[in-house]
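To start, the structure itself, in structure tokens.
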Amino acid sequence: MSRIFVLGMVLLLGVSGSHWDGSFTDAILFATGVVLTGVATVGRLWSALYVAGYKDGTLITVGPYSVSRNPLYLFSALGAVGVGFATETITFAVLFGLVFWLFYPGVMDAEERKLAELHGARFADYCQRVPRFFPNLRLLVEPETYLVRTDRFRSHLIDAMWFVWALGFLEVLEALHQYRVLPVLLRWY
């Protein structure tokens, strides 16, 4: 489902441009996108550091998982909205955010049911203390040291880089539009 959505967006973005092309608003939207995708990339890496290789076998309750039960999805949402802003439109930022909110609550439900089966009362207690999505930074607990499964973390590095690669892709599309290699058939706000 995600791949079909991404393919559709790539095709749509290939013939789309910003209503604000070349304006100060255009620059602000892109800068907002860069900041959000930067936060998303670092946040996904921080989250992956703790969960890579431990996701089902161990209930992770420290680091980003001490402030949100779903920090990977939180940072993914920020990244999706950030990529939307990097299109230099508000339309795609809202669209990407809406698609995230329609699709991922079901994914989070399924994961939480699985964790409840695996970890029982300990997971129930964790759910009582830690918010599902929006973080409570006052709850942050980080150990002095943490054993990382480097082989598993490596694949998460690549996953986290998708947001950065998306920014590069958008810049290539913008150049193809500027040099009239690709037409701009639609302009979005």
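Quick look at the numbers
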read-out: The listed residue being surrounded by 11 or more Cβ atoms within 10 Å (Cβ to Cβ), in a helix (DSSP H, G or I), at pLDDT 95 or above and under 22 Å from the mean Cα position of the chain (by Cα), out of Asp109, Asp125; value: Asp109
read-out: Hey, Arg180 within 22 Å of Ala52 (Cα to Cα) and either out of contact with any Leu (no Cβ under 9 Å at 6 or more places or on another chain) or in a strand (DSSP E or B) (or both) or not; value: no
read-out: Members of the stretch 12-71 that are basic (Lys, Arg) and either part of a helix (DSSP H, G or I) or more than 26 Å from Leu118 (Cα to Cα) (or both); value: Arg44
read-out: Test for Phe75: is it at pLDDT 95 or above, closer than 22 Å to Val34 by Cβ, under 14 Å from the mean Cα position of the chain (by Cα) and surrounded by 14 or more Cβ atoms within 10 Å (Cβ to Cβ); value: yes
read-out: Tabulated pairs, the stretch 60-74, first over 11 Å from Arg132 (Cα atoms) and free of Cβ contacts under 8 Å to residues at least 12 places away in the same chain, second part of a loop (DSSP other than H, G, I, E, B) and among the hydroxyl-bearing types (Ser, Thr, Tyr), C-beta under 7 angstrom, 6+ apart or interchain; value: Ile60/Tyr54
read-out: Index of the failed condition, His156 passing every other in (1) at pLDDT 95 or above; (2) outside any loop (DSSP other than H, G, I, E, B); (3) not charged (D, E, K, R); value: (1)
read-out: Total residues in the stretch 139-173, condition over 19 Å from Gly38 (Cβ atoms) and touching a residue at least 24 places away in the same chain (Cβ under 8 Å); value: 13
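Results for (1) modelled with pLDDT of 95 or more; (2) among the basic types (Lys, Arg); (3) touching a strand residue (DSSP E or B) at 6+ places or on another chain (Cβ under 6 Å); (4) buried (at least 22 other Cβ atoms within 10 Å of the Cβ), shown as yes or no for each residue.
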{"site": "Ser2", "(1), (2), (3), (4)": "no, no, no, no"}
{"site": "Phe5", "(1), (2), (3), (4)": "no, no, no, no"}
{"site": "Gly33", "(1), (2), (3), (4)": "yes, no, no, yes"}
{"site": "Val42", "(1), (2), (3), (4)": "yes, no, no, no"}
{"site": "Lys55", "(1), (2), (3), (4)": "no, yes, no, no"}
{"site": "Val62", "(1), (2), (3), (4)": "yes, no, no, no"}
{"site": "Asn70", "(1), (2), (3), (4)": "yes, no, no, yes"}
{"site": "Val83", "(1), (2), (3), (4)": "yes, no, no, yes"}
{"site": "Tyr104", "(1), (2), (3), (4)": "no, no, no, no"}
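The values are calculated or read from the model by the stated rules, or taken from the named source; none is laboratory data. The structure displayed is predicted, hence computed values, not measured ones. Because the Cβ atoms are built from the backbone with ideal geometry, glycine has one as well, and the counts that use them run over all protein chains shown.
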